[in-house]
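What follows is one structure encoded as C-alpha cells, with my remarks underneath.
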Amino acid sequence: MSPKDQKLETPPEIFSQGQKNRWAPVESSIWELKSEAPEGNVARALAQTLFDQPRRIEPRFLYDERGSWLFEKISSLPEYYLTRTENAILEKEAEKIIALAEVECLVELG
C-alpha cells in the first residue's frame with residue numbers, strides 16, 4: 001500500500017499533546033479543528049491558545065460583535081468571492097486533492 005492510500009487513524013505527530021485532542025477525523029484523511037472551549041469560557045480558551053506552541057489567537061477573539069457582523073455582511077457581497085470560490089473548488093475537487101497530496105501534507109483553510 002502506498003503512503004497515499006493510507007488513512008490517518010490518529011492526529012499527525014506534528015501537534016503538541018494539547019493540540020492533538022482538539023482535532024477530530026472528518027472523513028478520509030481530512031481533519032477538522034474542534035472548538036477549544038464553549039463560548040462561556042472565553043478566558044480559558046484564550047489562555048490555552050497563548051500557551052500553545054506556536055502561540056496563537058483564534059479569529060473569534062479578534063472581532064467584537066459589530067466587527068463580526070460587518071465581516072459577515074462583507075463576505076456575502078458578490079464582490080467578495082474568495083470564500084465561496086474556495087469552498088466550491090474544495091467541494092468539487094476534494095477527492096482529487098486528497099489523492100494527489102502526500103501523507104505528510106498539511107493544508108490550513110480559512
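Phi angles of segment 83-94 translate, via the Karplus equation with coefficients 6.51, -1.76, 1.60 and θ = phi - 60°, into HN-Hα couplings of 5, 5, 5, 4, 4, 5, 4, 5, 4, 6, 10, 3 Hz per residue; Gly and Pro are given as x.
Modelled label positions at N41 and E79, each set 7 Å beyond Cα in the direction of Cβ, lie 4.2 nm from each other. Projected label points at Q48 and E93, each 7 Å from Cα along the beta carbon direction, are separated by 3.4 nanometres.
Taken together, the values in this text are just the output of simple stated rules run on the coordinates, not laboratory data. Predicted, not measured: the structure shown is a model, and the values here were computed from it. With ideal geometry, Cβ positions are generated from the backbone for all residues, glycine too; neighbour counts draw on all protein chains shown.
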